[in-house]
Amino acid sequence: MRIYIVGGAVRDELLGLPVQDRDYVVVGATPEQMIALGFTPVGKDFPVFLHPLTHEEHALARTERKTALGYKGFEFFTSPDVTLEEDLARRDLTINAMARDEHGNLIDPFGGRADLLAGIFRHVSPAFAEDPVRILRVARFAARFTGFKVAPETNQLMRNMVDTGEVDALVPERAWQEMARGLMEQKPSRMFEVLRACGALARILPELDGRWGMSQMKNVPSERDAGAHVMTAIDQAARGNLDLPVRFAILVHDLGKGQADADAQSTAPSSGKQRHRTHESPVLLSVDRVCARFKIPNDCRDLALMMARDHAEVDRAFEMRADAVVSLLERCDVFRKPQRFISMLQAAECVHRGRPGLKQHKFPQKSYLEGAMHAARGVDAGAVAREVTARLPAQPQWIPEQVRAARIAAVSSFIHHFNIPSNH
């Protein structure tokens, strides 16, 4: 029995990067031998075991055979006779198909080290085309390793996977897992650059793919391409180390913008809480539809819908009267969930700075609306309720109106003292 460190741990060590997780391949062993040595079996599709002391994953060397479309359409074969090279040959990229033995010797049968030095993502074998998730993995790696390029032959292979329909077999939830990880990388825009280059984005997320070639602002042909604008904005979010809900909200904030209402209504909104809001605009409908399709987590979905609905209001905050600002705060549920509103302001700031020439531009609307929020939240609703009850004991229905009036007064006072920039 021989044990090798494989995959990302070897790649990252050669790149001089911190190694987060180590995966191991075991050659020449059976499941029974692994269990006898104290390893705990955890794999469902193929034999994977946890080390009795370190709890690191050890997988038996295996080969695989394609049996159906999609990333689950495989049969795996393990045997003590499967070699390390046979196991590495089934991996996606050459830079992930290297191993080190117990003495630290590098095993690199497919030229992964050379591709690391050249900054190239290259598939190991034609078997790459059997798993559509690999397209998303390459795109995600591009967002992490920003200086790397996809080899022309690998890009062509991915285009073939799109043309033959292999990419259509992607399970939406699995696609979301990879996209979410890519959004959290150093330069998320590169993930979508790679997906567009091979035609996969048009099949996976056509609502976003359609933004390229469209003007960001209606009837302003000189305004920057809407797709490019979104990419600049999500990279702004990455530079600010903002969280996943903010990055996703930026990504989808104007899906469906510019489409005819009739086209947007051609697909019925998904069922579920708050879906009635989607009738308000094609953008909300598009965002809601994408969230339902990919089963987006609630925190990401809720912020995305809020951003799609209200980011234009944030942009024109200085034009709004105090009562309109309070209406915005109420609509965004700031009295229960203030942090989500702050997250929307972060997203709106990135969208603003994604516009041409505004990368370093200040976005005073953010501090302005945060201040208005704190002023409104500073109103003691209980004290107002007690005062109304004392004055009008038979008319408790006046309490909400008086609480709102007090919040408007507090926001009005804040606005009066806020130094609004002269260009607004």
Open item on the list: Order these by the 10 Å Cβ neighbour count, fewest first: 25, 42.
Closed with: 42, 25
Open item on the list: I'd like the FRET efficiency for residue 319 and residue 117, computed as 1/(1 + (r/R0)^6) with the beta carbon distance as r and R0 of 56 Å, rounded to 0.05.
Closed with: 0.55
Task: Value of [θ]222 nm, deg cm²/dmol, for the chain, DSSP H segments ≥ 4, -39500 (n - 2.57) each, nearest 500 - done: -14500 deg cm²/dmol
Open item on the list: Amide H of residue 120 versus every other amide H placed in the peptide plane: which residues, excluding those fewer than 5 positions away on the same chain, fall under 5 Å?
Closed with: 149
- [ ] Please tell me which of these pairs span more than 28 angstrom C-alpha to C-alpha: 149/295; 149/257; 257/366; 257/359; 187/362; 149/366?
- [x] 149/295; 149/257; 149/366
Task: Rounded tilt (10° steps) of 381-391 against the dominant C-alpha axis of the chain - done: 30 degrees
Open item on the list: To make sure I understand the rule: partners must be aspartates and glutamates, Cα under 16 Å from the Cα of residue 337, and not fewer than 8 residues away in the same chain. Which ones qualify?
Closed with: 299, 302, 310, 370
- [ ] Pull up all non-local amide H partners of residue 79: gap of 5 or more, or a different chain, and H-to-H distance under 5 Å with H placed in the peptide plane.
- [x] none
Task: Top of 96, 105, 155 by mean-square fluctuation, Gaussian network on the chain, Cα under 10 Å - done: 105
Task: Cut-off 12 Å between beta-carbons: net charge of the residues surrounding residue 329, Lys and Arg +1, Asp and Glu -1 - done: +1
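Which whole-number percent gives the relative contact order of the chain, counting Cα pairs below 8 Å spaced six or more residues apart?
Computed over the chain, the figure is 9 percent.
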- [ ] Go from 0 up to the bin containing the longest alpha carbon distance in segment 1-123, width 10 Å each, and give me the % of pairs per bin.
- [x] 13, 42, 35, 10, 0
- [ ] Could you check which residue among 364, 152, 52 shows the biggest mean-square fluctuation in a GNM of the chain with a 10 Å Cα cutoff?
- [x] 52
Task: All-pairs Cα distance distribution in the chain, expressed in whole percent, bin size 20 Å - done: 22, 45, 25, 8, 0
Task: Cα long-axis angle, helix 226-239 against the chain (0 to 90 degrees, to the nearest 10) - done: 80 degrees
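Bear in mind these aren't lab numbers, they're just calculated from the coordinates by the rules spelled out. Remember, it's a predicted structure, so these values are computed and weren't measured experimentally. Virtual Cβ from ideal backbone geometry, glycine too; neighbours counted across all protein chains shown.
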